[in-house]
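The values are calculated or read from the model by the stated rules, or taken from the named source; none is laboratory data. Given the structure is predicted, the values throughout are model-derived calculations rather than measurements. Virtual Cβ from ideal backbone geometry, glycine too; neighbours counted across all protein chains shown. Please note that ligands, DNA and RNA were not included when accessible areas were found on the heavy atoms of the full protein model with its side chains. Shrake-Rupley method; radii C 1.70, N 1.55, O 1.52, S 1.80 Å.
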Amino acid sequence: METIIVKKSGALNGHLKVNGSKNSILPILAASLLTKDKCILHEIPKLEDVNVMCNLLSKLGAKINRLDDNSLEIHAENITNYEAPYDLISKMRASFLVMGSLLSRVNKARVSMPGGCAIGTRPIDLHLKGFKNLNININSNRGYIQAETEGITGNHVYLDFPSVGATENLMMAACRAKGKTVIENCAEEPEIVDLANFINSMGAKIEGAGTKTITVTGVEELHGTEYTIIPDRIEAGTYMVAAVLTGGELHIDNVIPAHVQPVIAKLREVGAEIIENDSSVVVRSKGIINSTDIKTLPYPGFPTDMQAQFMLLLSLANGTSIINETIFENRFMHANEFLRMGANIKIEGNTAVVNGLNGLTGAKVRATDLRAGAALVLAGLVAEGETEISEVHHIKRGYADIVEKLQTVGADISYSMQ
Ligand code: UD1
């Protein structure tokens, strides 16, 4: 079993470079099925989730070539299979995103239902309701969604909640539809804009991405393209928290400051100094951590994917903070692990009351999900003694080279095999 061992490390100082965005590359890989031509993608992060998506695309008939360390070529000249099986979907929910592109390309898809996951039930009803509005027949049988259409037809779709995945799946399904599709109350995340830019670079006509209403005018064919993925705002945010938590100063490169505004605002509230440059940020601790309240919301609100890291930070603040999680119903599993390290956190429903303490102590803890795992890595940096984190595979899903990167800025951290 692989674990990560972290020892109390003192202030982190130096430069870190953020990778391409996990939540952009996954839908963009799915969208590369939309054309028979080659797509070349740059700034690909080295992540387990990317491997899972590539594996799925290969099963569907795409040929994938790694051009160099950061670039991939995807060529889906022929779609030879239209089924996304349970073993891949259960590893990574985002595999469900091939549904929209398969439907667009071959008018049918058979995709396993994702089921629950560590952070909640995470239904797919909004994806399916949207597909039905686009003249797609949906049936479910033995844990699979079977979708078929005689031709996707543009329509109005209203999302009851601005779901990131549903917005992405619907954009992909609609881009070669007959007529115009208007998606209302859609997600506004930067990754939605990145996906729309990618598909537009293939010849699609998507307008309004990044706002609450997206209009997709169907075109007959899409062509190949070459595209660079945006930086990962959650990886950036995680290292920004690390600087403040450890009392250090990190220069974080390959960041779009506009994408991390909620994180910057909250870090300033807790007392950090942040300098925003064109494509980097400098985060400097002023030696204090003030308490503050957090409410997770769809973008441009505070990201749920940064909630665990902030819960940790606020565990060491002066005073009491309230965290309200409004996106996922079961996203406080990390609190139990922080409690094992001595934190004082009380959970009631979707609210956490975090009473700040002077310190934490190292312990054996478990990464319950991806972001929880990253937060535990950061916790180990400031806890007395040694912290051993198991279920490291969660962390590798979303943080390329986290151990190596933190070592370069002064962290006492390593992998261990037992
Ligand atoms: C994406 C991100 C994930 C992030 C999340 C919220 C990717 C690969 N993952 O996940 O990192 O935490 O956005 O910012 O981009 N919902 C429904 N019905 C649906 C779809 C969603 O009820 O059909 C609910 C979910 O259960 C959840 C909320 O809507 O409570 C948000 O989910 P959604 O925005 O769809 O998240 P994902 O796309 O799964």
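I'd like the antiparallel share, as a percent to the nearest 5, of DSSP beta bridges with both residues in the range 123-275.
Taking every DSSP beta bridge within the range 123-275, about 70 percent pair in antiparallel fashion.
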Using 7 Å Cα-to-Cβ label points, what is the residue 286/residue 71 separation (nm, one decimal)?
4.5 nm
Long-range amide H partners of residue 228, meaning residues 5 or more apart or on another chain whose placed amide H is closer than 5 Å, are 42
Partner aspartates and glutamates whose C-alpha sits under 16 Å from that of residue 108, ignoring same-chain residues fewer than 8 away, are 83, 148, 150
If packing is taken as the average count of other Cβ atoms within 10 Å, what order do 379-388, 259-268 fall into, highest mean first?
379-388, 259-268
With the contact rule set at Cα under 8 Å and sequence spacing of 6 or more, what percent relative contact order holds for the chain?
21 percent
Degrees between helix 233-246 axis and first principal axis of the chain (Cα, 0 to 90, nearest 10):
0 degrees
Output the relative contact order of the range 255-308, whole-number percent, from Cα pairs under 8 angstrom with separation of 6+ residues.
32 percent
In terms of Cα to Cα distance under 29 Å, which lysines are near enough to residue 405, apart from those fewer than 8 places away along the same chain?
7, 8, 17, 22, 46, 91, 266, 286, 364, 396
Rg and Dmax of the range 62-179, Cα atoms, in Å?
14.7, 42
Let me know the volume per residue of the alpha-carbon convex hull for the range 293-417, in Å³.
109 Å³
Compute the separation of the alpha-carbon centres of the range 1-63 and the range 254-332 and state it in Å as a whole number.
24 Å
Sort 160-170, 29-39, 319-329 by the packing proxy (mean of other Cβ within 10 Å over each peptide's residues), most packed first.
29-39, 160-170, 319-329
On C-alpha positions alone, give me the angle between the axis of helix 261-270 and the longest principal axis of the chain, in degrees, nearest 10.
10 degrees
Please report, for the Cα atoms of the range 1-133, the Rg to one decimal and the Dmax as a whole number; what are they, in angstrom?
17.3, 56
Mean Cα-pair separation over length for the range 269-418, i.e. relative contact order, pairs under 8 Å, 6 or more apart, %
17 percent
Using the alpha-carbon atoms, what tilt in degrees (0 to 90, nearest 10) does helix 48-59 show relative to the longest principal axis of the chain?
20 degrees
Fraction of alpha-carbon pairs over 21 Å apart in the range 200-322 - percent:
48 percent
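Would you kindly calculate the translational diffusion coefficient of the chain, applying Stokes-Einstein with the Kirkwood radius from alpha carbon pairs, for 20 °C and a viscosity of 1.002 mPa s, and quote it in µm² s⁻¹ without decimals?
This corresponds to a translational diffusion coefficient of 98 µm²/s.
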Using the per-residue mean of other Cβ atoms lying within 10 Å as a proxy for protection, in what order, highest first, do the peptides 139-147, 304-312 fall?
304-312, 139-147
For the range 90-232, which whole percent of the accessible surface, found with a 1.4 angstrom probe, sits on carbon and sulfur atoms?
46 percent
Can you work out the FRET efficiency for the pair residue 64 and residue 329, with r the C-beta to C-beta distance and R0 = 51 Å, to the nearest 0.05?
0.90
Cross-link candidates for residue 295: which aspartates and glutamates have Cα within less than 17 Å, leaving aside residues fewer than 8 places away along the same chain?
189, 269, 305, 325, 329, 348
Counting only DSSP beta bridges with both residues in the chain, what percent are antiparallel, rounded to the nearest 5?
70 percent
With labels modelled as points extended 7 Å from the Cα through the Cβ direction, what inter-label distance (nm, one decimal) is found for residue 80 paired with residue 205?
3.6 nm
Using a 1.4 Å probe over the heavy atoms of the protein chains, calculate the carbon and sulfur portion of the accessible area of the range 263-340 as a whole percent.
48 percent
For the chain, with every protein chain kept in place, what is the accessible area per residue (1.4 Å probe, Å²)?
38 Å²
